[in-house]
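Asks: Take a look at the following structure, please.
The values are calculated or read from the model by the stated rules, or taken from the named source; none is laboratory data. For clarity, every value in this text was computed on a predicted model and none was experimentally measured. Here the Cβ positions follow ideal geometry from the backbone for every residue, glycine too, while neighbour counts run over all protein chains shown. Note: accessible area is taken over every heavy atom of the protein model, side chains too, but ligands, DNA and RNA are not part of it. Shrake-Rupley method; radii C 1.70, N 1.55, O 1.52, S 1.80 Å.
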Amino acid sequence: MGMCDFVVKSFHTDIDRLHFDAEIVFKQIEINTTYHLNVRLLVPIAYKGPIYLSLDNVGAKADIDINLTTRDSKRYVYLSKLKINIDFKNYNIKYDVDNSDLTQFNEIIRNFVGNNQEEIIKIFKPIIEAEISRRIILIFNNIVKQFTYEELFPDRT
């Protein structure tokens with residue numbers, strides 16, 4: 001959530017190559033997902049629950065390629081490739097461990113997450129980038145599918 005609230009810092013177009021470069025800042029990205037934990041210490045501990053992740057002021061650089069397709073003798077564009085590189089320094093994370101038998105385990109997890117932010121970012125970053133790219137492609141293609149290339153770029157016909 002929050003991907004629609006952003007500021008474009010720069011945008012470069014190369015219409016001949018159908019390529020765009022953009023630099024944007026997302027004011028806040030919120031992610032709700034589920035974690036699955038399966039650890040065997042002295043006894044096996046298996047748990048799953050929701051995670052709520054919040055990222056503020058996320059910088060992003062995007063390489064965007066669009067392609068043309070012909071349908072009913074008309075040309076349409078679609079976003080074929082989006083490579084996004086996000087930059088965030090910190091995050092807020094909340095997770096639910098509601099089993100009172102796991103309170104000590106909950107404290108261990110909280111300390112691990114709090115003391116290892118760089119390692120957690122390395123784990124989350126590629127997953128977040130892939131999901132942001134997937135969602136932007138989906139949103140973009142749903143918007144432009146109703147417009148022809150000539151309607152979107154009238155000076156190119």
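Asks: So if each residue of separation counts as 0.36 nm, and I subtract the Cα-Cα distance between Phe11 and Ile143, what length gain in nm does that give?
Replies: 45.6 nm
Asks: What's the FRET efficiency of Arg75 with Arg134 using the Cβ-Cβ distance as r and R₀ = 35 Å, to the nearest 0.05?
Replies: That pair, Arg75 with Arg134, gives E of 0.90.
Asks: Keeping all protein chains in position, work out how much accessible area Phe153 exposes to a 1.4 Å probe, and write it in Å² to the nearest 10.
Replies: Accessible area of Phe153: about 40 Å².
Asks: Continuing with this model, one more query. Label point 7 Å out from Glu30 along Cα-to-Cβ: which residues of region 62-96 have amide N under 18 Å?
Replies: What the label zone holds, given the 18 Å backbone N cut-off, is 91-96.
Asks: Suppose accessible area is computed on protein heavy atoms with a 1.4 Å probe; arrange Val58, Val25 from highest to lowest.
Replies: Largest accessible area first, the residues go Val25, Val58.
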